[in-house]
Amino acid sequence: MTLTPTPKDVTISREDGVAIISITRPDKKNALTGAMYDAMTAVLSLSANEAAIGAVVITGSNGVFTAGNDINDFLAYKGDMGASPGLRFIKALARFEKPLVAAVDGLAIGIGTTMLLHCDLVYASPAAVLKIPFVDLGLTPEGASSVLLPRRCGMARASELLLLGEAIPAERAEDFGLVNGVVPAAELREHAIAKAKALSKKPQKALAATRKMLRGDPGELTLVMDKEGREFAARLTMPEARAAFMAFANKDRLA
């Protein structure tokens, strides 16, 4: 599988029927830009259409999964928020018909957590930290997290994650049902790849049918994402969000 051009901040590899997407932007804690989202979406499209690929692994690098959106790149985007690179990527995850496995080490902020809701298996290192800070930024949920989190871990825990926006460590994420298992950091990547390889060797039609039963209609989720996206876009123009982003930018400059 060849992806051209590939941003240097996204590394694509392949092992025994498994495509591996590695987020590799250590100087920015693997914060995601539009170009990075587009590259990952392209990999999903290629993988969906290549019979030799049976599963996809998403992982970070250098002890970080992703710090979420690159704020400067995000604020520079002037297009339709309903067609933003990040939303296209998360919709591609929801529609993807092959197994998705995530290996999470270190920070998984914002979309770094919400993308995990679209993965079939999620493994985390003891250092993993999940956080959904949208309310703190004057924003609202995205990635269908407003419905997937209550389904996954119940209304009380979903409220804790989305309203309080507190960071939760790996073991608590496992208790919430957001993580399948906690694995030593040195073994995490290979563990996730091994699980993906195991899935890629299963009877594929039976696997796909079972996934569909488990996951439900992706069209329902994309409609939720569109609704969330309209509210999210409206919030971006309001004083709360502008003040939060200004505070973030000032903090970043002083760091």
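The values are calculated or read from the model by the stated rules, or taken from the named source; none is laboratory data. Because the structure is predicted, anything quoted here is derived from the model rather than measured. Using ideal geometry, Cβ is built from the backbone for each residue, glycine included, and neighbour counts are taken over all protein chains shown.
Check whether at least one residue in the stretch 19-30 is surrounded by fewer than 20 Cβ atoms within 10 Å (Cβ to Cβ), closer than 23 Å to residue 198 by Cα and modelled with pLDDT of 95 or more, and report yes or no. Checked the stretch 19-30: at least one residue is surrounded by fewer than 20 Cβ atoms within 10 Å (Cβ to Cβ), closer than 23 Å to residue 198 by Cα and modelled with pLDDT of 95 or more.
Residue 186 satisfies every condition listed in (1) within 30 Å of residue 50 (Cβ to Cβ); (2) over 19 Å from the mean Cα position of the chain (by Cα); (3) without any contact (Cβ under 8 Å) to a residue 12 or more places away in the chain except (1). Taken together, 27, 38, 105 contain a single residue that is among the charged types (D, E, K, R), more than 19 Å from residue 142 (Cβ to Cβ) and in contact with a Phe, Trp or Tyr (Cβ under 9 Å, 6 or more places away or on another chain), which is 105.
Being of a type outside the set (Lys, Arg) and buried (at least 24 other Cβ atoms within 10 Å of the Cβ): is that true of residue 144 here?
Details: of a type outside the set (Lys, Arg): yes; buried (at least 24 other Cβ atoms within 10 Å of the Cβ): yes.
Considered against the rule, which asks whether it is of a type outside the set (Lys, Arg) and buried (at least 24 other Cβ atoms within 10 Å of the Cβ), residue 144 comes out as yes.
Does any residue of the stretch 197-215 turn out to be touching a strand residue (DSSP E or B) at 6+ places or on another chain (Cβ under 7 Å), closer than 20 Å to residue 58 by Cβ and either surrounded by fewer than 17 Cβ atoms within 10 Å (Cβ to Cβ) or not charged (D, E, K, R) (or both)? Scanning the stretch 197-215 turns up at least one residue that is touching a strand residue (DSSP E or B) at 6+ places or on another chain (Cβ under 7 Å), closer than 20 Å to residue 58 by Cβ and either surrounded by fewer than 17 Cβ atoms within 10 Å (Cβ to Cβ) or not charged (D, E, K, R) (or both).
For residue 34, are the conditions met, namely being on the phi < 0 side of the Ramachandran plot, of a type in the set (Gly, Ala, Ser) and buried (at least 22 other Cβ atoms within 10 Å of the Cβ)? Give the steps one after another, and end with the answer.
On the way: on the phi < 0 side of the Ramachandran plot: yes; of a type in the set (Gly, Ala, Ser): yes; buried (at least 22 other Cβ atoms within 10 Å of the Cβ): no.
Criteria not met by residue 34.
From 110, 82, 68, 165, which residue is surrounded by fewer than 17 Cβ atoms within 10 Å (Cβ to Cβ), touching a residue at least 24 places away in the same chain (Cβ under 8 Å) and at positive phi? Outline the logic, then answer.
On the way: 110 fails: surrounded by fewer than 17 Cβ atoms within 10 Å (Cβ to Cβ); 82 fails: at positive phi; 68 fails: surrounded by fewer than 17 Cβ atoms within 10 Å (Cβ to Cβ).
Just a single option satisfies the conditions, and that option is 165.
Scanning the stretch 221-246 for residues that are surrounded by 12 or more Cβ atoms within 10 Å (Cβ to Cβ) and free of Cβ contacts under 8 Å to residues at least 24 places away in the same chain returns 223, 227, 234.
Exactly one residue among 33, 6 is modelled with pLDDT of 95 or more and not hydrophobic (A, V, I, L, M, F, W, C), and that residue is 33.
Each residue in the stretch 46-60 was checked for being free of Cβ contacts under 8 Å to residues at least 60 places away in the same chain and surrounded by 14 or more Cβ atoms within 10 Å (Cβ to Cβ), and 5 pass.
Each residue in the stretch 168-190 was checked for being in contact with a helix residue (DSSP H, G or I) (Cβ under 8 Å, 6 or more places away or on another chain) and surrounded by 15 or more Cβ atoms within 10 Å (Cβ to Cβ), and 7 of them qualify. Within the stretch 14-30, the set of residues being closer than 17 Å to residue 44 by Cβ and either assigned to a helix (DSSP H, G or I) or among the basic types (Lys, Arg) (or both) comprises 14 only.
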